[in-house]
Amino acid sequence: MWAASAYTVAAAAVPASLPHHIRRDGFRCRAEAANPNDSRKKVMVIGAGWAGLASAHHLCKQGFDVTIIEAGSFPAEEVSLRGFRSPYRNIFSIIEEFGLQPFTNWTSSSLHTSESVEVEFPIFQDLPLLPAPLGALLYPQFSHLSLADRLTWIPLIAAAIDFDGTDAAWSKYDSMTARELFKQFGCSERLYREAFQPFVEVGLLAPAEQCSAAAVLAMLYYFVLSHQKSFDVVWCRGTVQEKILNPWMDFLKSKGCRFHGNKTTTDFIVNKSTGGVTGVLCGKDVYEADAFVLAVGISTLKSTITSSCALQSKQEFLNVLNLSAIDVVNVKIWLNRKVKIPRESNVCFGYDNSTGWTFFDLNSIFDEYQDEPLTVLEAEFYHANQLLPLKDEQIVARLLSYLSRCIKEFQEATVIQQIVSRLPKSATHFFPGSYKYMMKGSTSFQNLFMAGDWIISRHGSCAKERAVVTGLEAANQVVNYFGVGDFAKIIPVDDDEPHIESLRELNRRLNEIRAQTPFSNFFLQ
């Protein structure tokens, strides 16, 4: 383990063969720019997911000397929520920059339950515009849910109005579970079971009783309630790695960015006199830079903190050890016959007590499978801890059983090829009380900045759009730190519709009055 004050590595421990970017300096292996006369500021981005690539993207355009290191191979594997929702404007903007057109048209989707209840979600922007959130309430085709049940979610709009994304709002709702939220605001049991429970299990990847009400409100408003078209989704016409991330890396390389894979961060070197970070340790290698962007998931960061005396010296990083992540299992199968799947994407829940899952018709989504005479589909299980120890054949058999309950034609199909990927602790868990342990984009190290889908941001986005936004915010922190370059222009979420903004302003004023009224807390209890 590296100590915070350990600036050297024993000569005997230095590898005999070093990469071309490493030179010996006494007993130290030091990373440096390909051109030693390059006077540009060096920025090290740790993590090659959406957040890290977004940060590097802007910094390269501003002329910084950028290097990305990644614990695994490039690019980092995408987990969960693979679609691209209508509000992902920053992602769409970046992809347009390097000339890609990787997406399908807007698609509809279905919700399947273990009781064979099916809900059809339309392409909302193709329907007449209704004031938010009436479109999300009235247009989905709930075959077994009465209008009376659907109307019981109206009181929940009050919570969505009250939740404005501030620290106070997160603190107010984060200690409550999502299940408690729906009960408190009067949602009918049937509405919860057939709409909100699967929304939580697939959106936040865990059962509602294990998810923060604040996180649910943030997601619910962003994807469903804010604007009618927010739920609309497009899909990548192949794997995200092949169609987006690999070309993105090529674009960054053309801008001078360097990539080093299979580099696990073990510690940071800190200048005791300035309090700034001067280098990152990856085993026996040292990578020096003038600023650092740490854009990794919770599990990776927890592992780094465990080995890093430098990070352990800061309470904000010790707090991260209280956070947790969720297990995901991904399954891709080829079937011996063509099964007609009505919609490209399908959300499923209720097939066991704690696991939500989705499946996608790759014959309709991926270019390479459109003319395939067989059925090719991909499924993903969330909160899949009880699936991880099973053999591949057991997981595939369970999937086929579940699929047969969704669409009867699957009963006649046989799996002829399969790929099972286990992704333990790979997705953020927004559990009740987690907000107080999450980090902001800046840290107490003056030149170390954070990015990721779990980093606190006031932008209002969720999932991979939030990762990209925090990556751009971290890049802006670097620009501000050096006073060099232009700030990234982050596209804000769409403004609230006038009636929603009026309700939010009224709610803010009422909250101010309550806060100033003696004994208000007593009477509100």
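Going through Phe410, Phe359 one at a time, which residue ends up being at pLDDT 95 or above, farther than 18 Å from Arg82 by Cβ and either assigned to a helix (DSSP H, G or I) or open to solvent by less than 40 Å² (accessible area, probe 1.4 Å) (or both)?
One residue alone meets the criteria, Phe410.
Tell me which of these Ile490 doesn't satisfy, since it passes every other one: (1) within 30 Å of Leu374 (Cβ to Cβ); (2) open to solvent by 30 Å² or more (accessible area, probe 1.4 Å); (3) modelled with pLDDT of 95 or more.
Of the numbered conditions (1) within 30 Å of Leu374 (Cβ to Cβ); (2) open to solvent by 30 Å² or more (accessible area, probe 1.4 Å); (3) modelled with pLDDT of 95 or more, the odd one out for Ile490 is (1).
How many residues are in a helix (DSSP H, G or I) and small (Gly, Ala, Ser) if we restrict to the stretch 183-199?
Of the residues in the stretch 183-199, 1 are in a helix (DSSP H, G or I) and small (Gly, Ala, Ser).
Restricting attention to the stretch 312-327, which residues are closer than 26 Å to Leu205 by Cβ and in a helix (DSSP H, G or I)?
Residues satisfying the conditions are Glu316, Phe317, Leu318, Asn319, Val320.
Restricting to the stretch 486-513, name every residue that is basic (Lys, Arg) and either within 30 Å of the chain's Cα centre (by Cα) or under 12 Å from His227 (Cα atoms) (or both).
Lys489, Arg504, Arg508 - these are the residues of the stretch 486-513 that are basic (Lys, Arg) and either within 30 Å of the chain's Cα centre (by Cα) or under 12 Å from His227 (Cα atoms) (or both).
If the Cβ limit is 8 Å and pairs must be 6+ apart or interchain, which residue in the stretch 468-489 that is at negative phi pairs with which residue that is assigned to a helix (DSSP H, G or I) and open to solvent by 70 Å² or more (accessible area, probe 1.4 Å)?
Phe487/Asn480
If I ask for residues that are assigned to a helix (DSSP H, G or I) and of a type in the set (Lys, Arg), which ones from the stretch 229-263 would you list?
Lys229, Lys243, Lys253 - these are the residues of the stretch 229-263 that are assigned to a helix (DSSP H, G or I) and of a type in the set (Lys, Arg).
Which of (1) closer than 30 Å to Asn480 by Cα; (2) more than 26 Å from the chain's Cα centre (by Cα) is the odd one out, the single condition Gly283 does not satisfy?
Status for Gly283: all satisfied but (1).
From the list Ile455, Ile500, exactly one residue is surrounded by 16 or more Cβ atoms within 10 Å (Cβ to Cβ), in the same structural domain as Leu130 (by the TED database) and under 26 Å from Tyr221 (Cβ atoms). Which is it?
Sole residue among the options that is surrounded by 16 or more Cβ atoms within 10 Å (Cβ to Cβ), in the same structural domain as Leu130 (by the TED database) and under 26 Å from Tyr221 (Cβ atoms): Ile500.
Between a residue in the stretch 206-227 that is at negative phi and any residue that is surrounded by fewer than 24 Cβ atoms within 10 Å (Cβ to Cβ) and of a type in the set (Val, Ile, Thr), which pairs come within a Cβ distance under 6 Å, given they are 6 or more apart or on different chains?
Filtered contacts from the stretch 206-227: Glu209/Thr177.
Of all residues in the stretch 357-382, how many are in contact with a Leu (Cβ under 7 Å, 6 or more places away or on another chain) and not aliphatic (A, V, I, L, M)?
8
Any residue at all in the stretch 358-367 that's in contact (Cβ under 8 Å) with a residue 60 or more places away in the chain, more than 22 Å from Gln411 (Cα to Cα) and more than 24 Å from the chain's Cα centre (by Cα)?
yes
Looking at Leu448, Leu423, which is the one that is surrounded by fewer than 23 Cβ atoms within 10 Å (Cβ to Cβ) and not assigned by the TED database to the domain that holds Ala169?
So the residue among Leu448, Leu423 that is surrounded by fewer than 23 Cβ atoms within 10 Å (Cβ to Cβ) and not assigned by the TED database to the domain that holds Ala169 is Leu423.
Could you identify the single residue in Thr428, Thr443 that is open to solvent by less than 60 Å² (accessible area, probe 1.4 Å), farther than 24 Å from Asn346 by Cα and touching a residue at least 40 places away in the same chain (Cβ under 8 Å)?
None of the other options fit; the residue is Thr443.
Can you pull out the residues in the stretch 264-287 that are without any contact (Cβ under 8 Å) to a residue 12 or more places away in the chain, in contact with a strand residue (DSSP E or B) (Cβ under 6 Å, 6 or more places away or on another chain) and outside any strand (DSSP E or B)?
Across the stretch 264-287, the qualifying residue is only Asn271.
Among the residues of the stretch 221-258, how many are open to solvent by 30 Å² or more (accessible area, probe 1.4 Å) and over 22 Å from the mean Cα position of the chain (by Cα)?
The number of residues fulfilling the criteria is 7.
Can you tell me which condition Thr304 does not meet? The list is (1) at pLDDT below 95; (2) under 23 Å from Lys464 (Cα atoms); (3) of a type in the set (Ser, Thr, Tyr); (4) out of contact with any Gly (no Cβ under 8 Å at 6 or more places or on another chain), and all the others hold.
Of everything listed in (1) at pLDDT below 95; (2) under 23 Å from Lys464 (Cα atoms); (3) of a type in the set (Ser, Thr, Tyr); (4) out of contact with any Gly (no Cβ under 8 Å at 6 or more places or on another chain), Thr304 misses just condition (1).
Restricting attention to the stretch 362-382, which residues are open to solvent by 30 Å² or more (accessible area, probe 1.4 Å) and out of contact with any Gly (no Cβ under 7 Å at 6 or more places or on another chain)?
Once the filter is applied, which keeps residues that are open to solvent by 30 Å² or more (accessible area, probe 1.4 Å) and out of contact with any Gly (no Cβ under 7 Å at 6 or more places or on another chain), the stretch 362-382 yields Ser364, Gln370, Asp371, Glu372, Pro373, Leu374.
Hey, could you check the stretch 470-486 for residues that are among the small types (Gly, Ala, Ser) and surrounded by fewer than 24 Cβ atoms within 10 Å (Cβ to Cβ) and say which is nearest to Asn90 (Cα to Cα)?
Gly485
Quick one: which residue in Glu180, Glu96 is open to solvent by 40 Å² or more (accessible area, probe 1.4 Å) and either outside any helix (DSSP H, G or I) or farther than 30 Å from Arg509 by Cα (or both)?
The conditions single out Glu96.
Tell me which residues, restricted to the stretch 99-151, are assigned to a helix (DSSP H, G or I) and open to solvent by less than 40 Å² (accessible area, probe 1.4 Å).
Hits for the stretch 99-151 are Phe124, Gly135, Ala136, Leu137, Asp149, Arg150.
Step by step: first the residues of the stretch 114-156, then only those that are among the hydroxyl-bearing types (Ser, Thr, Tyr) and more than 21 Å from Thr104 (Cβ to Cβ), then the one that is modelled with the lowest pLDDT. Which residue is that?
If we take residues in the stretch 114-156 being among the hydroxyl-bearing types (Ser, Thr, Tyr) and more than 21 Å from Thr104 (Cβ to Cβ), then Ser116 is modelled with the lowest pLDDT.
Do we have Ala467 as open to solvent by less than 30 Å² (accessible area, probe 1.4 Å) and either small (Gly, Ala, Ser) or more than 24 Å from Phe317 (Cβ to Cβ) (or both) here?
Answer is yes for this residue.
In the stretch 319-338, which residues are among the hydrophobic types (A, V, I, L, M, F, W, C) and either open to solvent by less than 40 Å² (accessible area, probe 1.4 Å) or within 30 Å of Glu412 (Cα to Cα) (or both)?
Within the stretch 319-338, Val320, Leu323, Ala325, Ile326, Val328, Val329, Val331, Ile333, Trp334, Leu335 meet the criteria.
The values are calculated or read from the model by the stated rules, or taken from the named source; none is laboratory data. On a predicted model such as this, the values are computed, not experimentally measured, just so you know. Here the Cβ is made from the backbone with ideal geometry for all residues, glycine too, and neighbour counts use every protein chain on show. These area figures cover heavy atoms from the full protein model, side chains too; ligands, DNA and RNA do not enter into them. Shrake-Rupley method; radii C 1.70, N 1.55, O 1.52, S 1.80 Å.
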